[in-house]
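Here is the structure we will look at.
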Amino acid sequence: MRTQVAIIGGGPAGLLLSQLLHVNGIDSVILERKTRDYVLGRIRAGVLEQGLVRLMEEAGCAGRMHAEGFSHDGALISYGSEIFRIDFAEHTGTPVLIYGQTEVTRDLYDAREKAGGKIEFEVDDVMIRDADTDRPHVQYTRNGTARRIDCEFVAGCDGFHGVSRQAIPLTVRREYEKIYPFGWLGVLSKTPPVNHELIYANSERGFALCSMRNDHLSRYYIQCSLSDSPADWTDEAFWEELKRRIPKAQADTLVTGPSIEKSIAPLRSFVTEPMRWGRLFLCGDAAHIVPPTGAKGLNTAASDVHYLYNALREYYRDGSEAGINAYSKRALARVWKAERFSWWFSSLLHRYPDQSAFDLKMQLAELEFLRANRAAQQAMAENYVGLPY
Ligand code: FAD
Ligand code: DHB
């Protein structure tokens, strides 16, 4: 097979890139290790920044998102017996959109299918070859048969456990990592959300988050031990623990029900530099991971896609390599700010096993400063709704 851009990974980053390239007359092929149903079964992010909303519009995939998504102008933070609101509209004039990653991915798959886009599912043994030359190619197997795609560029959109990052030699690659000593236990349930806006809760028993997908579908998370497995948590135990961590008014009105999905995610901060090697470009989780606090993972994948698709568009339209050459630097400048925000917001809200009495006082002082200080709220709001790109 021959194409202009070979895209490794059919998650949101790979799909969005492929669709945006298509809209601009650039051909691509996506290689995805799993089935479409498997990818759509993964319950992940739920908060979209305006930047991603705009990209979905540019990609011609925004119809259902605008019809079914919910615009949120603020979010609540609770600690002790206090609860306060950060007003995104007042501080930034910009809302966020509640629309699940699963739905974003479904809309993109539908658009790719409608446009006759080529997606190879259930591929194995993907290997990127000659990325440091003008003629890269990708080798893989499907149903036991060896295949090859000749291309002009390779986009590594294959997530944290993908192969693309490994194709960059260790002499060139530098990795930065922080592993957090806890995880998030997430539950999806067909119940009305406890509140019309998200609640991020700092409690003595650990962090909790009340989120949602729509009026009848709630998403809740609690900080848990890394040694826990979802099977250790009955639905009853989850609801009881959640109630202990959120403000009483919400705990008293929380509607509980059977979970329809329950999973544990570890928390990690990770960045690899550079994000480009020759004709290979890393995008999204393949290059960086944030702890989920603040919902930056999917949104940061989207800003990478923005920089990369504009760079490739410039290359094919004007013959200019300026965007390609600037890609890694531009993407990383924004990535590191999302890393900082996610790290800061995580540190504000979780209980850490090694936290001293002094550390707890610092966390409390930080929360009280944020509750009372407009400038601090503005900084929080600007980061939460997404830094510009
Ligand atoms: P991915 O979604 O990981 O997609 C990569 C794709 O590449 C996958 O479909 C994978 O099957 C495929 N792939 C991997 N290896 C290969 C290979 N060798 N060959 C071919 N294909 C391959 N973010 C938030 O903002 N809020 C959240 O609540 C949240 N929860 C999360 C929970 C979990 C368990 C995880 C793992 C992540 C979560 N995230 C969350 C992060 C967010 O979902 C990611 O940032 C987002 O999915 C990144 O998109 P991506 O396309 O870069 O990577
Ligand atoms: C969701 C996840 C997050 O990490 C977050 O900060 C907000 C919402 C969610 O899955 O709904």
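The values are calculated or read from the model by the stated rules, or taken from the named source; none is laboratory data. Keep in mind that what you see is a predicted model, and the values were worked out from it rather than measured. Neighbour counts run over all protein chains shown; Cβ positions are idealised from the backbone, glycine included. SASA here: full protein model, heavy atoms, side chains in, ligands and nucleic acids out. Shrake-Rupley method; radii C 1.70, N 1.55, O 1.52, S 1.80 Å.
Rolling a 1.4 Å sphere over the protein heavy atoms, what is the accessible area per residue of the chain, to the nearest Å²?
Roughly 43 Å² per residue, with all protein chains present.
I need to check one value: relative contact order of the range 2-120, counting alpha carbon pairs closer than 8 Å and at least 6 residues apart, in percent.
33 percent.
If we restrict to alpha carbons, what Rg and Dmax does the range 86-154 come to, in Å?
19.4, 57
Just to be sure I understand the rule: take each whole DSSP H helix in the chain, project its Cα atoms onto its long axis, keep it if the span is 27 Å or more and its mean Kyte-Doolittle hydropathy is at least -1.0. Which ones pass?
Helices passing the filter in the chain: 297-318, 322-349.
Pick from E366, E103, E49: which residue has the top mean-square fluctuation in a GNM of the chain where Cα pairs under 10 Å get a spring?
Of E366, E103, E49, the Gaussian network model singles out E366 as fluctuating most.
What list of whole percents do you get for P(r) of the range 262-306, with Cα-Cα distances grouped in 5 Å bins up to the one holding the largest distance?
Taking every Cα pair in the range 262-306, the percentages come to 5, 21, 27, 24, 13, 7, 3, 1, 0.
For the range 1-55, what is the relative contact order in percent, using Cα pairs closer than 8 Å and at least 6 residues apart in sequence?
On the way: 43 pairs, mean separation 19.7, N = 55.
Relative contact order for the range 1-55 comes out at 36 percent.
Select from L170, L280, L226 the residue whose mean-square fluctuation is largest in a Gaussian network model of the chain (Cα-Cα springs shorter than 10 Å).
L170
What do you get for trypsin sites (Lys or Arg not before Pro) in the range 1-63 restricted to DSSP loop and a cutoff of at most 13 other Cβ within 10 Å of the site's Cβ?
R42
Can you compute log10 of I(q)/I(0) for the range 129-262 with the Debye formula, treating each Cα as one identical point scatterer, at q = 0.12, 0.16, 0.21 Å⁻¹?
Debye curve over Cα of the range 129-262, log10 I(q)/I(0) at q = 0.12, 0.16, 0.21 Å⁻¹: -0.68, -0.82, -1.18.
Relative to the compact globular guide of 2.2 N^0.38 Å, what is the alpha carbon radius of gyration of the chain, as a ratio?
Cα Rg divided by the expected 2.2 N^0.38 Å: 1.00.
Under 12 Å from a label point 7 Å along Cα→Cβ of S71: give me every residue in the range 89-105 with its amide N that close.
Only 89, 93-98 pass the distance filter.
Simple spin-label model, 7 Å along Cα-to-Cβ: S227 to E321 in nm?
Between S227 and E321, the label points sit 5.4 nm apart.
Beyond a 22 Å Cα-Cα separation, which of these cross-linked pairs lie in this structure: K190/K262; K243/K361; K178/K296; K296/K329; K178/K337; K34/K118?
Those over the limit are K243/K361.
Tally up the carbon and sulfur contribution to the accessible surface of the range 1-57 as a whole percent, 1.4 Å probe, everything protein left in place.
Working: 870 of 1930 Å².
Of the solvent-accessible surface of the range 1-57, carbon and sulfur hold 45 percent.
Comparing D215, D285, D27, which has the greatest mean-square fluctuation in the GNM of the chain with Cα pairs linked when under 10 Å apart?
Of D215, D285, D27, the Gaussian network model singles out D215 as fluctuating most.
Let me check against my output: what whole-number percent is the relative contact order of the chain, with C-alpha pairs under 8 Å and at least 6 apart?
Dividing the mean separation by the residue count of the chain yields 20 percent.
With labels modelled as points extended 7 Å from the Cα through the Cβ direction, what inter-label distance (nm, one decimal) is found for D124 paired with R42?
2.0
What does the charge count near L76 come to, summing +1 for each Lys or Arg and -1 for each Asp or Glu among other residues with Cβ under 13 Å from its Cβ?
Neighbour charge sum, excluding L76 itself: -2.
Which one of A237, V96, L17 is farthest out on the positive end of the charge dipole of the chain, using unit charges on Cβ (Lys, Arg +1; Asp, Glu -1) and the Cα centre as origin?
Checking the options against the dipole of the chain, the answer is L17.
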